[in-house]
Structure formats: structure tokens, C-alpha cells
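Below is one structure, written out as C-alpha cells; comments come after it.
The values are calculated or read from the model by the stated rules, or taken from the named source; none is laboratory data. Since we're looking at a predicted model, the values are computed, not measured. Positions of Cβ are backbone-derived with ideal geometry, glycine not excepted, and every protein chain shown enters the neighbour counts. SASA here: full protein model, heavy atoms, side chains in, ligands and nucleic acids out. Shrake-Rupley method; radii C 1.70, N 1.55, O 1.52, S 1.80 Å.
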Amino acid sequence: MMPRFLLLLLCTAAPAAWGWSNHTVGSYLALQDVPALRDAAPVEVEPLAQFVAQQYSAVAQLLDEQERFAREHFNAYPPRPDSLKLPATPPDDLSQALLHALRVNPLIHLSMVIQPLPGQDMPAHPHLKAEQVMVAQTLSPWNQQRFVQLTSGEAVSPVAVLASAADEPDYGHDINLFSDNPGPVAALYGFGPQPFGDARFQFSSQAPFHMGFFHESPVVYAAAGFLQRSWPQWRAYQYLGLSRLAFATGHPYWGYRFLGWGLHHIQDLTQPYHAKPLPGVDLPSMLLMEGKALAGFDTDKKAAIERVATRHTEVEKYQFTWLSRLLLSGQPHPMLAAYADTRRDASYPPYSVDYLTNVVSAESAAQAAAFDAAIGQWLDTAPPTTRFSAGNQVQREDYDHPALNQQLLQLIGHFGAHSRNYVGAGMAKPETP
Ligand SMILES: [Zn+2]
């Protein structure tokens, strides 16, 4: 038996988010050269309530269809309480009603902002502070986004909307939704108790919507069934449906923004630490560690937990500080090219509702041990001053670690390909019968 063993191991989720730290930057790089996006006309910024007001019955019908499908299709899916369904008569607060019906945190700010690429800006636009955009639990001391405020009705580039929205689910969408979390919806949403997530992080309650362990041994599921209670694939499905509806009914701003929300969950699962509870530890070792811990010798287990958390955090910072430096230098580089490399896109199965589970997370889980080992080798050679835990600034890092970089370039290639495949599915014109 390994009762709550893995529960403790899921402390991964590093500062703010991961999924490659800032999803916006990676999304720009992966998507900005896609012809359908590059050539798309600017879209008009629109408040959420206006979209819902104008398409109320279509949205209500879509969400009911999605609920029926989700109950049949998704593993361990907690049915939505009927009280959350959009009522026949539109209520006063349409945004709140939609968030309830989607079972998203109703305290999110829904700011109308975009993040420009590092080094770029939009003239004559005010900036918002992070706390005006993100709920308090998700604020991070080092992942510093810049938010340019937009006004209703102004024209904005589709790729900016999409790339900016891809970071948004980390601003509070999935915070405090479980029955044992604090806050106004814990008792309403029907998700049950939080299955996993590290209580040391204020944003840990979002983990079961941003991670998923779909490729574990049956022994692991038998002993730790709560590992199956995670739903990033459902979020990707919900937002894709809303995006298609918004595009089809003449609300392209929300088409791109919902698509970006769903894209976030696809991208999160390209990160091996989001797809495996304990990368680099095989099943026998896991069982042995737990056996020893149950007998009172928990040193190995604690060390494994610590190791995973450290590697996840350190590699995130390494990759993002490197990327930021490359962007500011303005020179071509294999990492920038890896985001935009389209050669593998068509080698994957066509997008479907099971793409996140069967394709994205399978690939990510398969690479987890090698990735973990490369990070370990890098940390063994890196001077301690470069460690995240040593402070907020990475010092004297030369990014000259071939084994680690090779792993990163591969994973970034996956991130780019899956991003384009998901976005392509959202933007595809519906087939006319
Ligand atoms: Zn996330």
C-alpha cells in the first residue's frame, strides 16, 4: 500500500505557474508566423458580458451539451450541479453566471489587457499592475509580466489576444474550487476535496486543472486513485467549444481569448513535471521508499520530494531567463527556432477531445525521466549561486549545458507543435454539410 504517498510528491508547481513560466512569450513565438493568424484582421476588444448577452441562448445550449458529453466521456468527471446551469432567463450578472456555469473561479479579474513581447510595447496605453490582473494567490515575485490595458472597442492584433490569453488561466481561473478550499464556490462547484497539490504554495489548488497523470502504472492508480482526479483535458474542451461559438457568431475577440485559455492547458501538459508525479523514479523505488516511510524511515521519501520540487523550479527559471535574454538580443537562435518549427506539426494525430491525454501528455510523460536526469546533471555542475533558492537573480549562468539544452529544445518543439495544432482546431471553419 502507498496511501497518501503521491499526494505529498505533487509539490511540483513552481512559482506562479510554469508550463514554461510565461505562456504568452512562448505562444507568440509558436504562433506569430502561422499564416491564418499573421494575416487575420485586427479584432475589436469586447467585454465578456456583451458577448454573453448577445449569444445567451447559444452559450447556454453549448454548455448543456458539453455537460452531457463530459459526464459520459471524461474519466472521474465530477458532474456539474444543476444549480449552476445558465437559467432560461438571463440573470443580471452575465459574466458571473458564465463563470459559475463553467465552474471557474468567479473572483478572477477578467482584465482587458495584452502582454507585449519582451522589449516591445504599445504606445499611449496605460499599464496595469499585476495585482489588477491576477488574483492574490497567483502573484509571483519573479515572473514579471507587463500588462498593457486595452479599452472596449479598440482594435487589437489576434495573435496578441491569443498569446496573452494563453497565460491567463494562471491568474486565478482554477483557484479554490474544491470543497475543502476557502472561498465562495468551494461548497457550490461539486468538485469534491482537492485531490493533490502542494499546500506550501498559495496557488496549489489549481494543480488538478493544470496537471494530469494519465500514463501511470495500474498499481499506482489502484493505490492512489486520487491521481486520476484531474481535468486539464476538460478545460481545453470547454474553452475550445466556446471559442468556436464566439468565432461563428461574430465575436472574434472572444474567439481568440477563449482559445488562448484552452491553449494554456495543452501547453501545461507539454511540461514533463505536469505529466508525471515523480519524474525519474521508477515504480519499485517508489514502493520501496513508501514502505520505508511507513516504517518510520522517511528520509528517502522527503529527499525525493525535495529533489523534484527543486529540479522543476530551477529548470523553469533557467529556461525563461535564457529565453528573455535571447529575445532582448534580437539574434536568431535554435531555441527561438524550436518554438516556430512547424516540421513536426502534421506528424501528430489530428486534434480531438482526447489529444491532450493521448498525445500531449503521453509524449511528455515519456520524456520525463530523461529530462529529470539532464536537470540533475546540470545542477551538479552549476555553481550554487545560480540556484533559484539563492535569490531572485540568476548570476553568471552561461546556458552552456548541452544535455539539458537538447532536452529543452525538444520539449519546446513539442510546445510549439501542439500549440499550433490546438489553435488550428479552434480556428478551422466548420464544415458545411
Ligand atoms: Zn498552468
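Figures for the structure shown
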item: Counted residues, the range 302-319 - those being in contact with a Cys (Cβ under 8 Å, 6 or more places away or on another chain) and open to solvent by 20 Å² or more (accessible area, probe 1.4 Å); result: 1
item: Residue within the range 201-217 that is of a type in the set (A, V, I, L, M) and either away from the ligand (no atom under 16 Å from the Cβ) or at positive phi (or both) present; result: no
item: From SER27, SER95, SER21, residue being within 16 Å of the ligand (Cβ to nearest atom), modelled with pLDDT of 95 or more and surrounded by 14 or more Cβ atoms within 10 Å (Cβ to Cβ); result: SER27
item: GLY197 over 18 Å from ALA236 (Cα atoms), open to solvent by 10 Å² or more (accessible area, probe 1.4 Å), in contact (Cβ under 8 Å) with a residue 24 or more places away in the chain and away from the ligand (no atom under 16 Å from the Cβ); result: no
item: Qualifying residue in the range 177-190 (condition: of a type in the set (Val, Ile, Thr), more than 28 Å from GLU306 (Cα to Cα) and away from the ligand (no atom under 16 Å from the Cβ)); result: yes
item: Qualifying helices (runs of 4 or more DSSP H) (wholly inside the range 239-354; at least 1 residues being among the small types (Gly, Ala, Ser) and within 16 Å of the ligand (Cβ to nearest atom)); result: 252-268, 272-275
